[in-house]
Amino acid sequence: MTDRSITVNGHPWQAQEGETILEVAARHGVEIPTLCHDPRLKPAGACRTCLVEIDGWRRLAPACATPVTEGMSIVTENERIDRHRKTLLALYMTDHPQSREESERGAPDQLFDMVARYQAPSDWGVLENKRQGRPDDRNPYIQFNPEACILCARCTRYCDEVESVSAITLAQRGSETTIATVDAESLLDTTCEMCGGCIDVCPTGAMAEKIPLVRGDKPERELEKVRTTCNYCGVGCQMDLNVDPDAREGQGKVVKVTSPPVGTTTNDGNLCVKGRFAYDFIDHPDRLTQPLVRGEDGELHPTTWDDALAKAATGLRGVTERHGPDALGFVSSSRCTMEENFLMQKLSRAVFHTNNVHQCAAT
Amino acid sequence: MTHPIRSSIPDELQKAGGKLEGVAREIAQRTGIPEAHIYGVGSFFHLLDRPHQKVRVCTGLSCRLAGADEVLKAASEAGLPVESCSCLAGCDVPPAVLRERRVLPAVQVEDVKRAGGDWQRLRSSSPLVAAPHRKDEHWSGSIGPENADPSQLVFDLRGKPNFTGEAYRKAAEMGPEAFFQQLEDSGLQGRGGAGFPAHIKWKGVFQQQETTRYVVLNADEGEPGTFKDREVMLRRPDLVLEGLAIAARMVGAKEVFLYLRGEFEVPWATMESALRRFVDAGTFGDIQFHFHAGHGAYICGEETALLEALEGKRGMPRLKPPFPVEVGLWGKPTLIHNVETIACIPPIVQRGGSWFRELGKTEPGTKLYCISGHVQRPGTYELPLGIDLDELVEAAGGYLGTLKAFSPGGASSGFLPASERNRPLSFQALGEVGSMLGSAGVVVLNETVDMKWAVMQQLEFFEAESCGQCAPCRIGTYYLRDSLDKHMASQPRTESLRHVADTAWQMNEGSICGLGQAAPLPLTTALRHFPEDFER
């Protein structure tokens, strides 16, 4: 890596070869607005909010996609850039729901934040939305609201570049451009793996999680985020449980799972279908919350751990005595940690003397 | 050489009859390209997206002046599978109509009636195609000026094609360095619209470290008012092909890609048979030529959108820099030129750079001016670069009616008032008044035309052809057309146009490519020069 001497708003700074203007600016706390940028994706330069002025360049340049070069002099705030941001955001607003109430479906709509931040006019009138959605898509998790879509293409690029799934695409063109699946199929009938990354990357909430919408949950900003480790497998993805503190008569309830910010956790904000959507077991009535033992009457009865473990041990030993050790087999869950899996095979081999041990993630 | 399979996607979609249900999935299973990508590509190109429409009537400015609306209405009433479409590069033979992928010149309401509701029987009764020897419907437009001295012409469109390969051999003997000097001496500027000095691009590609390089022909002519490339390919395919071969030889490319708009079925046939003559004679050694068809998207005339389309993707322009000279087709250095520019090359080789330079009036070379609208003889005229409108129209037989306004370089150049009739039609002189020579598609409007109406045609065009990638263009083209609609629908005139200046500024500053940057010009220039038309 070679150093590059550049100037940003008159400050002489050092930058690394290959760094973009946006990266250098972020490192120094200089704010440049973006809508289509995501550090996990190749820069698209499509939303145009991050345009800055470079000395000697006739045209404004996208900070997200422009690598710094030696001696480059960059301005991120001046009259031209201010007019650019205001008029661009004003245009965005003509093709967008006019209020947060109409637009937001859970996640905050960053376009409104930006309009407020840059004092952009939002009274240029309203255009009729021409983007097609898939209102009949029967998939259980992901809903696309074309009205709120700004075509930043973060969802399609995430689906391509991070997940390599390519279930969704930009389709049509001009003001009819939209986010589509092949032949407008339900996501269930495409290559979609329901990772929900499209929801996570969407800056306006056009891609939203269906269940909280159907349930009429509170918007995200009224929920409490609790960082935790996903326990569906041993990878250890970090995720944020979104808790409605008032639910269940003040006991609180997990109503959504969101990604931690990109670059802050080992999973880099990525989750899979289980981590993001399969949180309803937490409060499910069928969930086992205490040990149960079958009694003489053939029914399951609550008991203590000591009693339950003693009963299980007796039963397992009985099988060994009657039929030999290989009559037993041990299967552990991929939800267990590596340490727990290690103990399981110890139990199998050292205690019960059988090699019949398996873990569901091993195949 | 094999190319990435993705590049075949648009052609696969065409072979399958367009983006019909199930087609994308079937192609995905055969090629391994994600089905959503194939669907996205199919939906981008009009000819693939709506394959059931077999007849398309051009509703560009020149064609509407000549009765396109009546033809469209008649076709619709006759039950033909018809829709309107953007410019078909037939403004000199209006109204132009597309039957599948064949452009029919000067189609009349009677022609539509004669088809009897069967689109396959739709023919043009124009003398251009009606002659008995024209059963194949091959046609070409009118050219001029009359009695020009061939020694003062670069293209000499009336001349006989020359398949000897003399210029190629001469260039090969010269070698790149000497040739680049001739090219620089010639002062040749790109004829596709930007007017960029050609020699800089050639040297730029030649100097790249990467040794795999490509030459690409941009024959996606679609700027409303422009049809010169069609005429060059029809009449002098030899110049185009030899120019490409020289380009490949000089910049060190082994492969040449020709991207012709899908509606150029006839020029394609002409070019293919011309290529066969060269190839059969082994004139260009081992240089390979690949033809690629467009599928209905004006934006693919933008060089980086064209490269995306060649790679089999949606034709959305790339960010520049990097320029194709460095990062072009499949990331390799690429020399990409418009048909007219590349056709200048063999004559420059044969007769020298300074000969070419001196042919011009205010800037180097002759120029193929396309003229249409209210003139006696619309057509393609090879004249010294820098002649003015009056001189051009004189060559075209004179004005019809009294000149009111003209568009000097396609829809993207906006409108100029009659008072600019003596301004040189050149890159520099038109740039000085916030217009441009562009592709030199000159459209003349007389006193019968309401400028609001004329502007509306151009705004509808840009709205239909915006790729949708960036917000300034995607929303701006829609917003401007909608504002003018509202303005025209209200009496007395309201405030509908109050954000036009800011929107136009934003589109020019914020758009990724030239389409969005130029799209507001018809409206802003008309408001400046013809304010009274917007008050009526």
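A few notes on this one:
- Residue selection: B:GLU465 satisfies the criterion of being farther than 25 Å from B:PRO417 by Cβ and charged (D, E, K, R).
- Residues that are at the interface with chain A (Cβ under 8 Å from one of its Cβ atoms) and either at positive phi or hydrophobic (A, V, I, L, M, F, W, C) (or both), drawn from the range B:462-497: B:ALA464, B:CYS467, B:GLY468, B:CYS470, B:ALA471, B:ILE475
- Within the range B:137-156, the set of residues being in contact with an Asp or Glu (Cβ under 6 Å, 6 or more places away or on another chain) and at pLDDT 95 or above comprises B:LEU153, B:PHE155.
- Filter result (assigned to a loop (DSSP other than H, G, I, E, B) and either touching a residue at least 12 places away in the same chain (Cβ under 8 Å) or within 30 Å of B:GLN189 (Cα to Cα) (or both)) within the range B:440-493: B:ALA440, B:GLU447, B:THR448, B:VAL449, B:ASP450, B:SER466, B:CYS467, B:GLY468, B:GLN469, B:CYS470, B:ARG493
- One residue from A:ASP200, A:ASP217 being assigned to a helix (DSSP H, G or I) and among the charged types (D, E, K, R): A:ASP200
- B:GLU70 being within 14 Å of another protein chain (Cβ to nearest Cβ), among the charged types (D, E, K, R) and surrounded by fewer than 21 Cβ atoms within 10 Å (Cβ to Cβ): no
- Test: B:PRO424 is away from every other protein chain (no Cβ under 14 Å), outside any loop (DSSP other than H, G, I, E, B), modelled with pLDDT of 95 or more and closer than 30 Å to B:THR362 by Cβ: no
- Residue within the range A:333-347 that is farther than 27 Å from A:LYS274 by Cβ and of a type outside the set (Val, Ile, Thr) present: yes
- If you go through the range B:180-198 and pick out every residue that is under 15 Å from B:VAL154 (Cβ atoms) and without any contact (Cβ under 8 Å) to a residue 24 or more places away in the chain, you end up with 0.
- Listed by position, the helices (runs of 4 or more DSSP H) contained in the range A:262-363 that have at least 2 residues being surrounded by fewer than 15 Cβ atoms within 10 Å (Cβ to Cβ) and outside the structural domain of A:CYS192 (by TED's automatic domain parsing) are A:305-323, A:338-346.
- For the range B:344-364, taking the residues that are touching a Gly at 6+ places or on another chain (Cβ under 8 Å) and in a loop (DSSP other than H, G, I, E, B), the one that is farthest from B:LEU425 (Cα to Cα) is identified as B:CYS344.
- Of the helices (runs of 4 or more DSSP H) contained entirely in the range B:44-137, those carrying at least 3 residues that are under 24 Å from the mean Cα position of the chain (by Cα) and over 20 Å from B:GLY294 (Cα atoms) fall at B:61-65, B:68-77.
- Whichever residue in the range A:85-111 is in a loop (DSSP other than H, G, I, E, B) and in contact with a Leu (Cβ under 9 Å, 6 or more places away or on another chain) and, among such residues, is farthest from B:TRP505 (Cα to Cα): A:GLY106
- Check on A:THR94, more than 22 Å from A:ALA206 (Cβ to Cβ) and of a type in the set (Val, Ile, Thr): no
- Of the candidates B:PHE278, B:PHE284, the single residue that is more than 21 Å from the chain's Cα centre (by Cα), surrounded by 20 or more Cβ atoms within 10 Å (Cβ to Cβ) and either of a type in the set (Asp, Glu) or in a helix (DSSP H, G or I) (or both) is B:PHE278.
- One residue from B:GLY79, B:GLY17 being away from every other protein chain (no Cβ under 14 Å) and touching a Pro at 6+ places or on another chain (Cβ under 7 Å): B:GLY17
- Considered as a group, the residues in the range A:69-109 that are touching a residue at least 60 places away in the same chain (Cβ under 8 Å), of a type outside the set (A, V, I, L, M, F, W, C) and within 14 Å of chain B (Cβ to nearest Cβ) include one that is nearest to B:ILE475 (Cα to Cα), and that residue is A:ASP95.
- Breaking point among (1) within 14 Å of another protein chain (Cβ to nearest Cβ); (2) under 26 Å from B:GLY192 (Cα atoms); (3) touching a Ser or Thr at 6+ places or on another chain (Cβ under 6 Å), for B:SER435: (1)
- Residue within the range B:168-177 that is under 26 Å from B:GLN53 (Cβ atoms) and more than 24 Å from the chain's Cα centre (by Cα) present: no
- Note on the range A:118-163: among residues that are closer than 22 Å to A:GLU176 by Cβ and among the aliphatic types (A, V, I, L, M), the one that is nearest to the chain's Cα centre (by Cα) is A:ILE142.
- Scan the range A:239-278 for residues that are among the basic types (Lys, Arg) and touching a helix residue (DSSP H, G or I) at 6+ places or on another chain (Cβ under 7 Å) and the total you get is 2.
- Qualifying positions in the range B:392-414 - in a helix (DSSP H, G or I) and either more than 10 Å from B:LEU425 (Cα to Cα) or under 19 Å from the mean Cα position of the chain (by Cα) (or both): B:VAL393, B:GLU394, B:ALA395, B:ALA411, B:SER412, B:SER413
- Selected residue (criterion: nearest to the other protein chains (Cβ to nearest Cβ)) from residues of the range A:128-145 that are closer than 18 Å to B:CYS467 by Cβ and of a type outside the set (S, T, N, Q): A:LYS130
- Residue check, B:GLU308 modelled with pLDDT of 95 or more, more than 28 Å from B:GLY141 (Cβ to Cβ), part of a helix (DSSP H, G or I) and touching a Cys at 6+ places or on another chain (Cβ under 9 Å): yes
- Which listed residue is within 14 Å of another protein chain (Cβ to nearest Cβ) and within 14 Å of the chain's Cα centre (by Cα), from A:GLU209, A:GLU193: A:GLU193
- Contact map, the range B:75-95: first residue among the β-branched types (Val, Ile, Thr), second residue in a loop (DSSP other than H, G, I, E, B), Cβ cut-off under 8 Å, separation 6 or more or different chains; pairs are B:VAL82/B:GLN53; B:VAL82/B:LYS54; B:VAL93/B:PRO105; B:VAL93/B:ALA106; B:VAL93/B:SER126; B:VAL93/B:TRP139; B:VAL93/B:GLY141; B:VAL93/B:PRO378.
- B:PHE291 assigned to a strand (DSSP E or B) and surrounded by fewer than 22 Cβ atoms within 10 Å (Cβ to Cβ): yes
The values are calculated or read from the model by the stated rules, or taken from the named source; none is laboratory data. Remember, predicted model here, so these are calculated numbers, not experimental data. Positions of Cβ are generated from backbone atoms using ideal geometry, with glycine treated the same way; all protein chains shown enter the neighbour counts.
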